Amino acid sequence: MSEYNNICIREARDNICLYIFDQILFKVWKIRKIAAGWSMDQRYEALPIRQKYLLDPTIYPDVEKTEWKEAEGEFLRKAARWLVRSYSQVIKNQNGKYILLGDNDIKYIEGLFLKQRDVLI
């Protein structure tokens, strides 16, 4: 019975994480629908080049496949870290202390996100 509950809890956790990731991807695709070249505007000068590759890909058609994969991997890692940090700032245990997640949690969530990698292309 306990193992069944743990499986259900893990599946629920995964579904919540993937739902949040889907919302992030929805925003990425909304940004991609903006006219190509928007990232060249002076207002977006400080935006890291790898983020520009992901958010305004039509303007960077010559980006090498390895650079694109690195940009994609960086995005997935940062999204996982953001989710873990956000969780740690919101969820409290029974004693009222925030629940901190660690590197293993980041790696696990990153793995979940990596499975969704094709959606970025």
Subject >> Positions within segment 71-95 being modelled with pLDDT of 85 or more and either more than 28 Å from residue 40 (Cα to Cα) or in contact with a helix residue (DSSP H, G or I) (Cβ under 7 Å, 6 or more places away or on another chain) (or both), in sequence order >> reply: 71, 72, 74, 75, 76, 77, 79, 80, 81, 83
Original post:
If you take just the helices (runs of 4 or more DSSP H) that sit entirely in segment 1-114, which of them hold at least 1 residues that are loosely packed, with under 11 Cβ neighbours inside 10 Å, among the aliphatic types (A, V, I, L, M) and under 21 Å from the mean Cα position of the chain (by Cα)?
Top reply: 2-32, 65-90
Subject >> residue 16 β-branched (Val, Ile, Thr), more than 18 Å from residue 81 (Cβ to Cβ) and free of Cβ contacts under 8 Å to residues at least 40 places away in the same chain >> reply: no
Original post:
at pLDDT below 90 and in contact with a Leu (Cβ under 7 Å, 6 or more places away or on another chain) - does that describe any residue in segment 21-29?
Top reply: no
Subject >> Scan of segment 96-121 for residues that are of a type in the set (Lys, Arg) and modelled with pLDDT of 85 or more, ordered by number >> reply: 107, 115
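The values are calculated or read from the model by the stated rules, or taken from the named source; none is laboratory data. Because the structure is a prediction, the values reported are computed rather than measured. No Cβ is skipped: glycine too gets one built from the backbone with ideal geometry, and neighbour counts run over all protein chains shown.
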